[in-house]
Amino acid sequence: MDFDDSPGEAGYRARVRALLEEHAGELLHLAPGQEGIDARTHEAEMRRTQRVLAEAGLVGVTWPREYGGQGGTLVQQAIVAQELARARVPGLINHIGIGMCGPTVIAHGSQEQRDRHLARLLRADDVWCQLFSEPASGSDLAALRTTAVRDGDGWVVNGQKVWTTLAHVSDHGILLTRTDPEKPKHAGLTMFVVDMHAPGVTVRPLRQMGGRADFNEVFFDDVRIPDEERLGEPGEGWRVALTTLMNERVAIGGAGGAIGAPVEEFAQHARERLPRLDPERQVLARQAVGRAVVAALAARYTGYRRLTVLSQGGIPGPEASAGKLAGTEAGLLMADAGVRLLGDDAVYAATADGDDRWQRTQSWLPGISIAGGTDQVLRNILGERVLGLPPEPRSDKTAPFSGGKR
Amino acid sequence: MNFDLDADQRDIADGARDFYRGNASPAAARAGLEGGRLEPGRKALADIGFLGITVPESAGGSGRPLLDLAVVAEQGGAVLAAPSLVTAARAAVLLADAPDLAAQLADGSTAFAVLDGAVDGSAPSVDAADATLFLGLDGGDLVVGEGEVLPGRPVDATRGLASVRLTSRRVLTPDAGELWARARQVGAVVMAAEDLGGAERCVQLGVAYAQEREAFGRRIGSYQAIKHMLVDAWVGVEQLRSLVWWAAWAADCNPDELPLAASAAKACAAVTFERAASTLIQVHGGVGFTWEHDAHLYWRRAKVDRLLLGDEAEHLDAVARLAVTGALGS
């Protein structure tokens with residue numbers, strides 16, 4: 001047991017660090033205290049940053065070489081993520097494409113689709129989004145209603161998607177549709193790659209509770225998709241979507257990366273703010289700080305265990321959902337304690353000197369408990385697939401979708 | 001990065017599981033509440049070498065890392081074994097410069113207990129009820145001596161709790177404050193490991209029952225109300241396992257991290273075991289509330305352990321103080 005880099009890993013880390021220094025002038029960097037950059041206002045710079053990183057071999061680390069990746073290990077990918085964070089390079093604009101859409105194209109796309117899309121995706125020549133959720137089907141994704149109807153050598157799509165992160169800057173998306181309403185709901189679905197600039201695609205920003213608009217509503221009105229952009233066979237859409245969803249759960253918290261603030265930043269905040277509370281409040285605040293730190297460390301070290309399994313050739317399983325649950329809980333505890341440490345300032349959206357980190361974190365974390373599998377859906381997955389508990393009865397699983405309540 | 005047990009440690013865990021399953025049980029813990037003998041008992045633990053895992057080979061032990069002992073302790077916790085390996089681990093640290101006494105610890109010829117609090121009237125201390133030789137901190141010095149034992153009525157008889165008043169004492173190590181603190185941290189890690197085993201067993205028993213028992217025409221594990229309780233308990237167990245391994249590893253390989261890791265593990269153990277045991281009772285309904293069922297024996301252990309060697313509040317406070325003074329690095 002150890003937490004050190006192996007000699008090979010240490011060498012790789014040194015190469016990554018040197019590359020990030022060499023290209024520092026061409027990359028975006030976060031200012032002190034800044035934790036992200038808005039793609040709405042900095043799209044061009046974010047695309048350029050990803051392209052520079054891709055050309056340096058730091059994007060798509062685990063992707064096969066034949067598709068522009070590095071053929072590397074999950075541990076190498078974790079090292080790149082750590083070094084990017086250390087160098088204060090913001091999250092990549094195409095993180096959804098790299099983490100979810102691309103792996104789905106690799107697993108289920110035709111050779112021609114892989115050749116056409118993957119290299120451009122890695123360089124952020126094309127930004128991708130994931131068009132799954134709909135107003136009437138969130139957790140119950142397989143109940144979606146957006147239709148694709150065969151028409152000559154292509155398909156015609158009508159319907160609406162929602163909560164689509166990055167749709168406003170996207171060039172392509174993976175789109176889950178219903179192609180056969182007479183089949184049971186899971187069996188009538190088909191996945192496509194859709195051109196987000198095609199006629200009939202309308203993207204409208206959707207403002208979330210914290211005030212920002214990171215995601216969107218997307219409307220499809222008679223949008224034509226050529227058949228060669230079908231991803232997998234007609235009716236196989238659910239199986240294709242499961243590839244995407246599993247990659248999503250690994251991407252969010254599955255390997256122990258912090259959800260919300262890193263625990264070190266939280267500890268620094270507590271160091272500054274604890275002494276400013278009155279002494280009796282400090283006693284209570286230390287309890288909250290301790291509880292949050294314990295949760296964050298437990299999530300981090302559990303992630304290290306999962307990373308160890310992956311590095312020894314294991315494949316990501318449903319246990320990754322536990323990482324997202326525990327990471328979310330730790331993030332919530334840190335955000336709550338982080339806000340409370342502000343004392344009287346805790347009731348304002350920002351402190352007198354303009355610091356709004358903890359309020360902002362507090363206001364976006366509720367979304368993390370919903371996105372990528374709600375906390376409750378993840379508990380069902382863990383209960384049924386890891387603990388082996390009997391499944392929830394599902395009355396609509398075998399009936400034709402069209403005969404169900406619509 | 002290699003944060004997993006190695007093949008040796010897995011073998012140790014398998015061997016310990018077999019031993020403990022054959023030599024201890026919740027039934028013995030139940031009998032202990034009515035005066036029965038505790039299992040497997042000191043002699044059996046000495047004979048199989050568990051009391052001397054971290055005692056140096058020169059003193060008749062195995063000279064193995066704390067992680068090995070933690071792996072064994074987890075298996076003991078799963079069946080509510082007594083006495084605790086907390087005492088063995090803690091005493092082994094304190095007796096580093098007393099090889100003759102360490103040898104008596106390892107071979108079980110002397111029943112040691114480590115006293116918390118003042119030696120003239122200690123706090124309730126683990127395995128003190130039938131101990132004959134006591135280690136304590138007296139004015140900053142580590143002392144050893146005999147004493148008068150005052151047991152209370154037990155919530156969980158397997159912990160052998162008693163207060164002790166030393167009737168004789170001699171100084172083993174003067175000015176031993178740091179050694180004492182380290183021994184207590186090591187003890188906290190081993191108790192967290194025993195709690196890990198107990199909590200995991202609670203989840204296993206709860207899952208098994210929820211797979212069988214039917215209500216309203218369905219197996220109860222299919223209801224989200226039951227399923228989610230069990231999942232939360234299981235997620236807690238997996239988080240605790242990570243902290244226990246990290247803390248046990250730190251004791252030998254990165255001692256500067258031990259205070260933070262030990263307090264994190266002990267605080268996490270307190271709530272995780274208690275939640276798992278409460279969940280076990282609730283999943284079983286009325287059956288889980290009976291004397292005959294094992295659930296209350298785990299619940300009793302959890303209710304007592306959460307307060308020993310520092311309660312959750314003490315360890316959360318320690319974690320917070322260490323974190324804000326830079327123990328996490330930057």
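Read the figures in this text as sums done on the coordinates, not as results from a lab. The structure presented is a predicted model; accordingly, all values stated were derived computationally and were not measured. Cβ coordinates were reconstructed from backbone atoms using ideal geometry, including for glycine residues, and neighbour counts include every protein chain displayed.
How big, on average over all directions, is the shadow cast by the Cα convex hull of chain B, in nm²? Display every interim value, and only then the final one.
Values: hull surface 69.3 nm².
In nm², the orientation-averaged hull projection of chain B is 17.3.
Could you tell me the relative contact order of the range A:174-236? Use alpha-carbon pairs under 8 Å, at least six residues apart, and round to a whole percent.
Working: 100 pairs, mean separation 23.5, N = 63.
Once normalised by length, the contact order is 37 percent.
As I understand it, the value is the acute angle between the Cα axis of helix B:85-94 and the longest principal axis of the Cα atoms of chain B; what does it come to in degrees, rounded to 10?
Roughly 20 degrees between the two axes.
Using a Gaussian network for chain B with springs between C-alpha atoms less than 10 Å apart, which of these wobbles most: B:16, B:106, B:225?
Fluctuation is largest for B:225.
For Cα pairs less than 8 Å apart in space and 6+ apart in sequence, what is the mean separation divided by the residue count of chain B, i.e. the relative contact order in percent? Walk me through the intermediate numbers first.
On the way: 641 pairs, mean separation 50.9, N = 330.
Computed over chain B, the figure is 15 percent.
Which of the peptides B:301-307, B:213-219 is most tightly packed, and how do the rest follow, judged by the mean count of other Cβ atoms within 10 Å per residue? Can you show the working numbers first?
On the way: B:301-307: 20.7, B:213-219: 11.6.
Result, highest mean first: B:301-307, B:213-219.
Ignore the peptide's own chain and count Cβ atoms of other chains within 10 Å of each Cβ in B:232-241; give me the average, rounded. Kindly include the intermediate steps, with their values, before the conclusion.
Values: counts 6, 1, 6, 13, 3, 0, 9, 12, 2, 4.
Partner-chain Cβ atoms within 10 Å, mean over residues of B:232-241: 6.
For peptide A:299-305, what's the mean number of Cβ atoms from other chains within 10 Å of each residue's Cβ? All intermediate terms of the calculation are to be shown ahead of the outcome.
Working: counts 2, 3, 12, 9, 2, 7, 8.
Whole-number average of other-chain Cβ neighbours for A:299-305 is 6.
Order of A:395, A:363, B:122, A:139 from fewest to most other C-beta atoms within 10 Å? Each step should come with its number before you reach the end.
On the way: A:395 7, A:363 18, B:122 23, A:139 12.
In increasing order of surrounding Cβ atoms, one gets A:395, A:139, A:363, B:122.
Which value results when the Cα radius of gyration for the protein assembly as shown is divided by 2.2 N^0.38 Å? Walk me through the numbers before you get to the answer.
Details: Rg = 28.7 Å, N = 736, 2.2 N^0.38 = 27.0 Å.
Against the empirical 2.2 N^0.38 Å value, I get 1.06 for the protein assembly as shown.
Per-residue ellipticity at 222 nm for the protein assembly as shown, helices alone: DSSP H runs ≥ 4 residues times -39500 (n - 2.57), over residue total, nearest 500 deg cm²/dmol? Don't skip to the end; give the middle numbers.
Numbers: 22 runs with 340 residues, N = 736.
Value at 222 nm, helices only: -15000 deg cm²/dmol.
Please tell me the relative contact order of chain A in percent, rounded to the nearest whole number, where contacts are Cα pairs under 8 Å and at least six residues apart. Kindly include the intermediate steps, with their values, before the conclusion.
Numbers: 677 pairs, mean separation 54.0, N = 406.
It rounds to 13 percent for chain A.
Taking 37 °C and 0.692 mPa s as the conditions, I'd like the Stokes-Einstein D for the range B:137-185 in µm²/s, using the Kirkwood hydrodynamic radius from alpha carbon pairs. Let's see the in-between values first.
Values: Rh = 12.4 Å.
Translational diffusion coefficient: 265 µm²/s.
Taking beta carbons within 10 Å but only from partner chains, what does the mean come to for residues B:265-277? Mind dumping the intermediate values first?
Values: counts 3, 1, 5, 5, 0, 0, 2, 1, 0, 0, 0, 0, 0.
The mean count of partner-chain Cβ atoms within 10 Å per residue comes to 1.
Using Cα springs under 10 Å in a Gaussian network model of chain A, which residue among A:51, A:212, A:86 shows the largest mean-square fluctuation?
Among A:51, A:212, A:86, the largest mean-square fluctuation in the Gaussian network model of chain A belongs to A:86.
Where is the GNM fluctuation largest for chain B (alpha-carbon springs, 10 angstrom cutoff): B:195, B:18, B:311?
Looking only at B:195, B:18, B:311, the biggest GNM fluctuation is shown by B:18.
Sort B:59-72, B:40-53 for me by packing, meaning the mean count of neighbouring Cβ atoms within 10 Å per residue, highest on top. List each step's numbers first, then the result.
Details: B:59-72: 22.9, B:40-53: 20.4.
Descending mean neighbour count gives B:59-72, B:40-53.
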